[in-house]
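The values are calculated or read from the model by the stated rules, or taken from the named source; none is laboratory data. Please read these numbers as outputs of a predicted model, since none were measured by experiment. No Cβ is skipped: glycine too gets one built from the backbone with ideal geometry, and neighbour counts run over all protein chains shown.
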Amino acid sequence: MSAKTQTASPFTTVPKREFGYHTGQVDEFIEAARDAYETESGLSAEIVQAKTFDLVRGGYRTDQVDQVLERLEDALRRAERDEYIGRYGQQAWDLQLIDRLEELNGRLERPRGEKFRPADAGVQGYNVDDVEVCMARITGHLQDEEHIRIEDVRNATFRAEKGPHGYDEAQVDAFLLAVVELLVVLD
């Protein structure tokens, strides 16, 4: 018997003919993340956010794993916020938030169709109208006119649009990630 006690996985596997996350990779990462979180060493929200797993037949359900990783990422972002405030003070944190808000609002205030660079010719981008609706909701939230949940931003989907008639996917995704990061620490 090993020194560590093996615990049952909280994740369900998909049927053998369907694809899910590689169980060994997920189990290894979750165990390493748990150890790092408990010892407060070497784990950051960025590491969790960037983590990917191979898709294999019969793997873990992706939605379940993603939800656990999102909760861990959010907890780490809040811990990082609290550590920053403890080290530099609330005023320094508030100034940093103001800078982030101004940067986000600068993008949101751009005219319709100009908020993000167009997708390259022949490359799939996001439908401009779909993205603009999402940006309007984010603007409404930041101006206290409408409430948007973190999950709404994380799970935003947009129709595909080819070439310069669509927004560049990477730029939109990076912006949405910045919005999520802000909403988490404001929560």
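In the set (1) more than 19 Å from the chain's Cα centre (by Cα); (2) in a helix (DSSP H, G or I), the condition left unmet by T139 is number (1). Taken together, the residues in region 11-49 that are in contact with a Lys or Arg (Cβ under 6 Å, 6 or more places away or on another chain) and of a type in the set (G, A, S) amount to 2. Every listed requirement among (1) more than 16 Å from P164 (Cα to Cα); (2) touching a Gly at 6+ places or on another chain (Cβ under 9 Å) is met by Q143 save one, (2).
Condition test on V26, is it without any contact (Cβ under 8 Å) to a residue 60 or more places away in the chain, in contact with a strand residue (DSSP E or B) (Cβ under 8 Å, 6 or more places away or on another chain) and not small (G, A, S)? Judged against the criteria, V26 is a match.
Looking at region 113-146, which of its residues are among the β-branched types (V, I, T) and surrounded by 15 or more Cβ atoms within 10 Å (Cβ to Cβ)?
Once the filter is applied, which keeps residues that are among the β-branched types (V, I, T) and surrounded by 15 or more Cβ atoms within 10 Å (Cβ to Cβ), region 113-146 yields V128, V131, I138, T139.
Report yes if E181 is exposed (fewer than 12 other Cβ atoms within 10 Å of the Cβ), of a type in the set (D, E), in the same structural domain as V123 (by TED's automatic domain parsing) and closer than 19 Å to G106 by Cβ, otherwise no. No; evaluated as a whole, the condition is false for this residue.
Quick check: anything in region 166-173 over 27 Å from E46 (Cα atoms) and without any contact (Cβ under 8 Å) to a residue 60 or more places away in the chain? Give the steps one after another, and end with the answer.
Going through region 166-173, the residues over 27 Å from E46 (Cα atoms) turn out to be 166.
Narrowing further to those that are without any contact (Cβ under 8 Å) to a residue 60 or more places away in the chain: 166.
Yes; the residues of region 166-173 include at least one that is over 27 Å from E46 (Cα atoms) and without any contact (Cβ under 8 Å) to a residue 60 or more places away in the chain.
Taking the listed residues Y60, Y84, the one that is of a type in the set (S, T, Y) and closer than 30 Å to F11 by Cα is Y60, with no other qualifying. When residues in region 48-66 are screened for being among the hydroxyl-bearing types (S, T, Y), within 15 Å of the chain's Cα centre (by Cα) and surrounded by 12 or more Cβ atoms within 10 Å (Cβ to Cβ), 1 of them pass.
From the list D63, D35, D74, the one residue that fits, being farther than 30 Å from V179 by Cβ and assigned to a helix (DSSP H, G or I), is D35.
Looking only at residues in region 147-168 that are among the acidic types (D, E) and assigned to a helix (DSSP H, G or I), which one is surrounded by the fewest Cβ atoms within 10 Å (Cβ to Cβ)? Top of the filtered list is E151.
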